[in-house]
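A quick write-up on the structure given underneath.
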Amino acid sequence: MTEFLSLHDAIASYVPDGSTVALEGFTHLIPFAAGHEIVRQRRRDLTLVRMTPDIVYDQLIGMGCARRLVFSWGGNPGVGSLHRLRDAVEQGWPRPLEIEEHSHAAMAAAYAAGAAGLPCAILRGYAGSDLVAHNANIRSVDCPFTGERLAAVPAIRPDVAIVHAQRADRDGNVLFEGITGVQKEVVLAARRAIVTVEEIVDDLRAPSPNSVVLPSWTITAVVEAPGGARPSYTHGYYERDNAFYLAWDAVSRDRDRFTHWMHDHVLAGSSSTAAVA
Amino acid sequence: MTTDTAYSPTEIMAIASARVLRDDDVCFVGIGAPSLACNLARLTHAPNITLIYESGTVGARPDVLPLSIGDPELCETARVTVSVPEMFAYWLQGGRISVGFLGGAQLDRFANINSSVIGPYERPSVRLPGGGGAPEIAALCRQTYVVMAQTRRSFVDRVDFVTSFGFGEGGDHRRRLGITTAGPTLVITDLCVMQPDPETRELTVTALHPGVTREQVQSATGWPVRFAETLGETPPPTGAELSTLRDLQRRTAEAHATSRPAGAAA
């Protein structure tokens, strides 16, 4: 059954060095507090999987936690580059970063295949794209019925998925609302799943029988982490801090300024004050 | 105060892009110039246009331009919000999108687009964000419109990397790869409008924006540019178009500047 853990204990228990970790959340519900706890526990050699690395992976990469990145769009949304990601790929700082690059359609399908227990995802994808020549995990199959050549990518099966959600009830059932991205798929695709939530409540208040709810028995650990998605957002709780995303460009551009910022705002914090002010 | 009718190249690019959209279009919208064009169309001549953002929001009607592809307002104003696997599988791959928008760091004469790397892929001089939804938008929307500022650095003879396939090497290259959609039927820049030649598929300038010369277009392009025999001129922006555009951008700037994180102030 689901354990209720502190953020410290959830990361210490389920995110060992060298593991394959997917912190998901498509712009919305990005588990920043959990990412910061991984930085504080100084994890190394992680394979980080995420469609849109966003600032959370810029921080993990810049702090040297990652050996490898599987992704499909690595920018600061609406702002420009992720400078720590760029520095790692272009200059190997603070350490070289292997990349496996996909398109969004393929990664979304690969998560769905992982959730479905299939070995691979099949899609009409990558037509004419040079990505095929640079990623050995983009292959093709011929449809046995029509003969159509289709793209195939391996299912994503992370060791651990980490996502944020609105709330959990006291049994550990979790409700997601708003832009749900690949939250459901990554939890069901992963061997283990940690869910951070805004609050733990007596009644989940699921607004409809069709709400996105993951039953407690699909989740390894639930962590109460109010504000745990900031500067991303939690629909119904707080807004996206767009000014932070704009300001991150200057903070992250320079190695020293970035490192100082991380020391002051992440390493110096505790898991209960993980949110970026 | 009346609207200042002088306008910038960026404004005519946005307005020309908005004008080509129809009220019954279903658009796959990217952040930046495409989002500006699509929302301007919605606020002017195409109030019923369906805007789909890849975060899963179908029929979004934001009051300000989103900074990211998944800003809260997109979800709050959408007809429905679906999951990301559903978005790409049912809505894009399923053939429901009439127009997709693309842009990138580089574009070549056959409208192939690079948004991945400058320099060799394994040792890039600039690692760009990458393709995201673009490789499949390019192949699966019924047609695509490219919106990009035109410079010699961005309009190049050969792209360093094909992230999103346009017409490949021209002619029937799309068909030979089994792609059944029309591809990039329009390229709208801050100087002109280009369309693919019906046979060779090479981009051809079909209209210049007001006051722009052929020489200006050529000097901002890294290949010898072809011009249509009858070259049109983009009608200048109307006062209503300009004021709607500027109001939208002013609201957007105000909305995105409202908070400032500790330690991140410039």
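The numbers here are math on the coordinates, done by the rules we state, and not lab data. All values derive from a computational prediction rather than experimental measurement. Cβ placement follows ideal geometry from the backbone for every residue including glycine, while neighbour counts extend to all protein chains displayed.
Numbers for the structure displayed
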quantity: 10 Å Cβ neighbours from other chains, averaged over peptide A:60-72; calculated: 1
quantity: Positive minus negative residues near B:Leu208 (Lys, Arg vs Asp, Glu; Cβ under 12 Å); calculated: -2
quantity: Sum of -39500 (n - 2.57) over DSSP H runs of 4+, divided by residues of the protein assembly as shown (222 nm, nearest 500); calculated: -7500 deg cm²/dmol
quantity: Exercise: per-residue mean of other protein chain Cβ atoms within 10 Å, A:105-115; calculated: 5
quantity: Surrounding net charge for B:Phe110, when Lys and Arg each add one and Asp and Glu each subtract one, Cβ distance under 9 Å; calculated: -1
quantity: Relative contact order for chain B, counting Cα pairs under 8 Å that sit 6 or more residues apart, in percent; calculated: 19 percent
quantity: Relative exposure of A:Val79, B:Val159, A:Val182, judged by other C-beta atoms within 10 Å (fewest first); calculated: A:Val79, B:Val159, A:Val182
quantity: Whole-number D in µm² s⁻¹ for the stretch B:27-170, Kirkwood Cα-pair radius fed into Stokes-Einstein, 4 °C, 1.567 mPa s; calculated: 82 µm²/s
quantity: Rounded to 5, the percent of DSSP beta bridges in the stretch A:129-277 classed as antiparallel; calculated: 45 percent
quantity: Loop-resident sites, the stretch A:115-205, for trypsin sites (Lys or Arg not before Pro), counting at most 14 other Cβ within 10 Å (DSSP); calculated: A:Arg170, A:Arg191, A:Arg205
quantity: Anisotropy class of chain A from Cα gyration tensor, a/c 1.5 cut; calculated: oblate
quantity: Calculated log₁₀ intensity ratio I(q)/I(0) where the Debye formula runs over C-alpha points of the stretch A:121-277, q = 0.18, 0.19 Å⁻¹; calculated: -1.10, -1.13
quantity: GNM flexibility winner over chain B from B:Gly211, B:Gly232, B:Gly70 (Cα, springs under 10 Å); calculated: B:Gly211
quantity: Range in chain B, longest, excluding exposed GluC sites (Glu not before Pro) [loop by DSSP; at most 14 other beta-carbon atoms within 10 Å]; calculated: B:1-121
quantity: Projected label distance in nm at B:Ala228 and A:Thr259, using a 7 Å step from Cα toward the beta-carbon; calculated: 5.7 nm
quantity: DSSP bridge pairs, the protein assembly as shown: antiparallel proportion in percent, nearest 5; calculated: 40 percent
quantity: Percentage, to the nearest whole number, of Cα pairs in the protein assembly as shown over 31 Å apart; calculated: 46 percent
quantity: Computed Rg/Rh of the stretch A:104-154, alpha carbon atoms with Kirkwood Rh; calculated: 0.96
quantity: Chain A, relative contact order [Cα under 8 Å, separation at least 6], %; calculated: 24 percent
quantity: Burial ordering of B:Cys27, B:Cys38, fewest other beta-carbon atoms within 10 Å first; calculated: B:Cys27, B:Cys38
quantity: Surrounding net charge for B:Gln93, when Lys and Arg each add one and Asp and Glu each subtract one, Cβ distance under 14 Å; calculated: -1
quantity: DSSP-defined antiparallel bridges as percent of all bridges, chain B, nearest 5; calculated: 45 percent
quantity: Hull-based mean projected area of the stretch B:9-253, where the convex hull spans the alpha carbons, in square nanometres; calculated: 13.2 nm²
quantity: Exposure proxy order (Cβ contacts within 10 Å, fewest to most) of A:Arg40, A:Arg253; calculated: A:Arg253, A:Arg40
quantity: Two-site label geometry, A:Ile200 and A:Arg139: point separation in nm, points 7 Å out along Cα→Cβ; calculated: 4.4 nm
